[in-house]
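K.L.:
Okay, here's the structure, questions in a sec.
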Amino acid sequence: MATKASRTAARAMMSPSVILLLGWMLIPLALTLYFSFLRYNLLMPGGNPFVGLENYEYFFTDPAFQTAVVNTLLLVGGVLVVTVVGGILLALLLDQAMWGQGIVRILVIAPFFVMPTVSALVWKNMFMNPVNGLFAYLAQSVGLEPFDFLAHAPLASIIGIVSWQWLPFATLILLTALQSLDSEQLEAAEMDGAGPFARFRFMVLPHMARAITVVILIETIFLLSIFAEILVTTNGGPGNASTNLTYLIYAQSLLQFDVGLGSAGGVFAIILANIVAIFLMRMIGRNLDA
Amino acid sequence: MGAITLEKVTKSFGDVDVIHPLDLRIEDGEFVVFVGPSGCGKSTLLRLIAGLEDTSSGRIVIDGADATDVPPAKRGLAMVFQSYALYPHMTVRKNIAFPMRMAGLDKAEQNRRIEAAAAALNLTDYLDRRPGQLSGGQRQRVAIGRAIVREPAAFLFDEPLSNLDAALRVGMRLEISELHTRLKTTMVYVTHDQVEAMTMADKIVVLSAGRIEQVGSPLDLYREPRNLFVAGFIGSPKMNLLTGAAAAERGATTIGIRPEHIAASPDTGPWRGIVGVSEHLGSDTFFHVRIEGRDEPITVRADGEVSLHHGDTIYLTPDENRIHRFGPDGLRLA
């Protein structure tokens, strides 16, 4: 873009998509904000009077609210821990030369291509079901009482299911990072007297820091809005033991038909997401600097 | 403290024999250079000594102890890699400290050695920078510093200067030579550049296709190359190799004569030719001379002031005492 003419042309070319994207983001955001200040219930037609912060008050004092926030953070944190740690271990494993490497790599990526509803259903009915599930069968075959995962450990079960879906993503990104590590560096460390664990701790892990940061940031964006897995498996229950913020907003705006309350929840979700983003960038953002 | 002996060492990768059975003795305190064309196995040989590759057979003895199966860290050798292999996320200080940290040296001793190495290598001002903020020559010095602080039995250098520009290379060459005279530690140095080999080595090992062609001091190799390969490899510009009548009348299959051992004259001499390209270096001029009946031009060194031009007739007189004669098997004739 050297000349003034080409810069002008570039701006003219880009403007339709920029305007479209802006509209796509700003109009729903503005409407959500607007609705959150109205008493707007689909079961009560008629005027939608302006009620100020009433919706927010109801949302924050809802008994499920605190649980939902805690569950959201537990879900994000739990899945992040499992996928990052598991992803590093799997990446180390897949980086070894072995027979059938190509097929194993494809198999490892596979879970990522299964849509969330399907994978959650498979887990719910084929693995975790206390009567017909594989886990129940395994428990019985060694003489144990079958464990009803979704009833007694609903959030942990969902963390497990979501981790299974996101593990391939983490593995893949971390594997490519691992492969870009200069082998001479590892050899130099070996000559310098670093054993396998020291090489991992001082060479491999710092080298992967940036990739780990990317995995954490991208996963956080998607994990804050986990919904399908909860809807399909536990419906947020038992009680509200597996309700996260997304599911709570869904329950209020679509099960109770309260658009105003749901919008208030949505605005809070945006704020929570930004708080999480700020903390994340504070903690690990410097890894992204070259 | 740093004598290395290789006994019948071989290395193969799958079916490919990279190193053929090979014996070599490196004396304590010697500066030994492995030199040879790309793919001759010189780097592999160095890595075998370092322990980064396992030998396929044979023994490696370091200071009288069999080190064939000793892991690299326990051999007491330090290596400087071609890419320097600095740790990019650590400062220069931490890079240099790393081997001592792994060895569990106490902090005060670590700092003393770091300061000493930094002072010796002009790195004192850069200790808190990261490798990414250093120039090529500085990185090279950090890599050497990291090797020095271990106080190794021997240093191994794997083409350490090939990533530097020409001017810096000459400077670093001197620094490494000086380091050697100061530390008096054994150094094994791999290069494909015969100028580096000639200028730095106490002993040159010429390798080709996984075999040792000749071992000797730089001047031994220059004066008495054992075979055609060494004759063509050592010396710059290359030795002229002639076959046919000129060789036959001296009782050899091939004769070699270095460009600096041929006198050029505009009017008298046994060989008559036409000047082709001439390279003026100021101090010297190299003429590429075409002689009738020969495809290959002969390279001749003349004084920088000799004025002969493209297309001029030139007469050449070889110094008969410095003609190298080789037999049909490529070996030197006595």
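The values are calculated or read from the model by the stated rules, or taken from the named source; none is laboratory data. All of these numbers come straight from a predicted model, not from anything done at the bench. Please note: Cβ atoms are built from the backbone with ideal geometry, for glycine as well, and neighbour counts cover all protein chains shown. Note: areas computed on protein heavy atoms with side chains; ligands, DNA, RNA excluded. Shrake-Rupley method; radii C 1.70, N 1.55, O 1.52, S 1.80 Å.
K.L.:
Using Cα pairs closer than 8 Å and at least 6 residues apart in sequence, work out the relative contact order for segment B:269-334, in percent. Walk me through the numbers before you get to the answer.
P.N.:
Details: 113 pairs, mean separation 21.7, N = 66.
Relative contact order of segment B:269-334: 33 percent.
K.L.:
Whole Å is fine, so just give me how far the alpha carbon centre of segment A:133-153 lies from that of segment A:50-120.
P.N.:
23 Å
K.L.:
Starting from the Cα of B:Arg250, step 7 Å along the direction of its Cβ; do the same at B:Asp202; then give the gap between the two resulting points in nm.
P.N.:
Placing both labels 7 Å beyond Cα along the Cβ direction yields 3.4 nm.
K.L.:
Moving on to the next point. Find the relative contact order for chain A and round it to a whole percent, using C-alpha pairs within less than 8 Å whose residues are 6+ positions apart.
P.N.:
Worked out over chain A, it gives 29 percent.
K.L.:
If you roll a 1.4 angstrom probe over the protein chains with everything in place, what fraction of the accessible area of the protein assembly as shown belongs to carbon and sulfur, to the nearest %?
P.N.:
61 percent
K.L.:
Quick one: plug the Kirkwood hydrodynamic radius of the protein assembly as shown (C-alpha pairs) into Stokes-Einstein at 10 °C, 1.306 mPa s, and report D in µm²/s.
P.N.:
D, rounded to a whole number, is 51 µm²/s.
K.L.:
Please check segment A:188-228 for residues whose accessible area, probe 1.4 Å, is lower by 50 Å² or more when all protein chains are in place than in their chain alone.
P.N.:
Residues passing the criterion (a loss of at least 50 Å², heavy atoms only) are A:Glu190, A:Met191, A:Asp192, A:Phe202, A:Met203.
K.L.:
Moving on to the next point. Calculate one ³J(HN,Hα) per residue across segment B:309-322 by plugging θ = phi - 60° into the Karplus curve 6.51 cos²θ - 1.76 cosθ + 1.60, and present them in order as whole Hz with x for glycine and proline.
P.N.:
Rounded to whole hertz, the list is 10, 3, x, 6, 7, 9, 10, 10, 10, x, 7, 4, 6, 10.
K.L.:
Same structure, new question: Counting only other residues whose beta carbon sits under 15 Å from that of A:Phe268, what net charge do I get with K and R as +1, D and E as -1?
P.N.:
Values: positive: none; negative: A:Glu54, A:Glu57, A:Asp62, A:Asp258.
Taking every Cβ under 15 Å from that of A:Phe268, the sum is -4.
K.L.:
Same structure again: In terms of modelled amide H atoms, which long-range or inter-chain residues lie less than 5 Å from the amide H of A:Thr234?
P.N.:
Residues meeting the criterion, in which the H sits 1.01 Å from N, do not exist here.
K.L.:
Which of the DSSP-defined H helices in chain A satisfy a minimum axial length of 24 Å, computed from C-alpha atoms, and a minimum mean Kyte-Doolittle hydropathy of 0.0?
P.N.:
Values: long enough: A:4-35 (44 Å, 1.09); A:63-95 (48 Å, 1.96); A:154-179 (37 Å, 1.45); A:205-223 (25 Å, 1.68); A:259-284 (37 Å, 2.03).
Sorted by number, the helices that extend far enough and score high enough are A:4-35, A:63-95, A:154-179, A:205-223, A:259-284.
K.L.:
Next up: If r is the Cβ-Cβ distance from B:Asn321 to B:Asp295 and R0 is 35 Å, what FRET efficiency results, to the nearest 0.05? Spell out each step's value before the answer.
P.N.:
Numbers: r = 27 Å, r/R0 = 0.78.
Using R0 = 35 Å, I get an efficiency of 0.80.
K.L.:
I'd like the interface area for chains B and A: accessible area of each alone minus the complex, both sides summed, 1.4 Å probe, protein heavy atoms only. What is it in Å² to the nearest 100?
P.N.:
Chain pair B/A: roughly 1700 Å² of buried accessible area.
K.L.:
For helix B:136-148, what angle does its Cα long axis make with the longest principal axis of chain B, in degrees from 0 to 90 and rounded to 10?
P.N.:
Once rounded, one gets 60 degrees.
K.L.:
Where a Cα-Cα gap under 24 Å defines reach, which lysines qualify for B:Lys42, not counting those fewer than 8 residues away within the same chain?
P.N.:
Partners within reach: B:Lys8, B:Lys11, B:Lys74, B:Lys184, B:Lys203, B:Lys238.
K.L.:
A further question follows. Return the calculated 222 nm mean residue ellipticity for the protein assembly as shown, to the nearest 500 deg cm²/dmol, obtained by summing -39500 (n - 2.57) across DSSP H runs with n ≥ 4 and dividing by the residue count.
P.N.:
It comes out at -14500 deg cm²/dmol, rounded to the nearest 500.
K.L.:
Taking 7 Å along the Cα-to-C-beta vector as the label spot, tell me the A:Arg201-B:Glu109 distance in nanometres, rounded to one decimal.
P.N.:
Placing both labels 7 Å along Cα→Cβ, they lie 2.0 nm apart.
K.L.:
Students sometimes get this wrong: rank B:Arg141, B:Arg146 by accessible area, probe 1.4 Å, all chains present, largest first.
P.N.:
Ranked list, largest accessible area first: B:Arg141, B:Arg146.
K.L.:
Using a probe radius of 1.4 Å on heavy atoms only, what accessible surface per residue do you get for the protein assembly as shown? Whole Å² is fine.
P.N.:
Accessible surface, normalised per residue, equals 50 Å².
K.L.:
So, one more: Once Rh for segment A:83-164 is found with the Kirkwood sum over Cα pairs, what is the Stokes-Einstein diffusion coefficient at 4 °C and 1.567 mPa s, in µm²/s?
P.N.:
89 µm²/s
K.L.:
Tell me, Kirkwood radius of segment A:115-214 from alpha-carbon pair distances, in Å?
P.N.:
16.7 Å
K.L.:
Hey, got the dipole for the protein assembly as shown? About the Cα centre, +1 on K and R Cβ, -1 on D and E Cβ, debye to the nearest 20?
P.N.:
Dipole size: approximately 1000 debye.
K.L.:
If you build the convex hull over the alpha carbons only and average its shadow over all orientations, what do you get for segment B:4-231? Give it in nm² to one decimal. Please list the in-between numbers first.
P.N.:
On the way: hull surface 50.8 nm².
Mean projected area of the Cα convex hull: 12.7 nm².
K.L.:
As an exercise, identify the GluC sites (Glu not before Pro) in segment B:18-79 lying in DSSP coil whose Cβ has no more than 11 other Cβ atoms within 10 Å.
P.N.:
Passing sites in segment B:18-79 do not exist.
K.L.:
Within segment A:95-165, report the chymotrypsin sites (Phe, Trp or Tyr not before Pro) that DSSP leaves as loop and that have at most 10 other Cβ atoms within 10 Å.
P.N.:
Answer in residue order: A:Trp99.
K.L.:
Given R₀ = 60 Å, FRET efficiency for A:Thr117-B:His280 by Cβ-Cβ distance, to 0.05?
P.N.:
That gives a FRET efficiency of 0.15.
K.L.:
Where does helix B:107-120 land angle-wise versus the long Cα axis of chain B, in degrees 0 to 90, nearest 10?
P.N.:
Tilt relative to chain B: about 20 degrees.
K.L.:
Please compute the alpha carbon radius of gyration of segment A:161-290, then divide it by the globular-protein estimate 2.2 N^0.38 Å. Two decimals is fine.
P.N.:
Relative to the 2.2 N^0.38 Å estimate, segment A:161-290 comes out at 1.46.
K.L.:
Select from A:Leu248, B:Met102, A:Gly52 the residue farthest towards the positive end of the dipole of the protein assembly as shown; place +1 on Cβ of Lys and Arg, -1 on Cβ of Asp and Glu, and compute about the Cα centre.
P.N.:
Projecting each Cα onto the dipole axis, the largest value belongs to A:Gly52.
K.L.:
Counting other Cβ atoms within 10 Å, keep those with at most 14, restrict to DSSP loop, and tell me which GluC sites (Glu not before Pro) in segment B:237-334 are left. Working shown, then result.
P.N.:
On the way: sites: B:Glu249, B:Glu260, B:Glu279, B:Glu292, B:Glu305, B:Glu320; in loops: B:Glu249, B:Glu292, B:Glu305.
Sparse-neighbourhood loop GluC sites (Glu not before Pro): B:Glu249, B:Glu292, B:Glu305.
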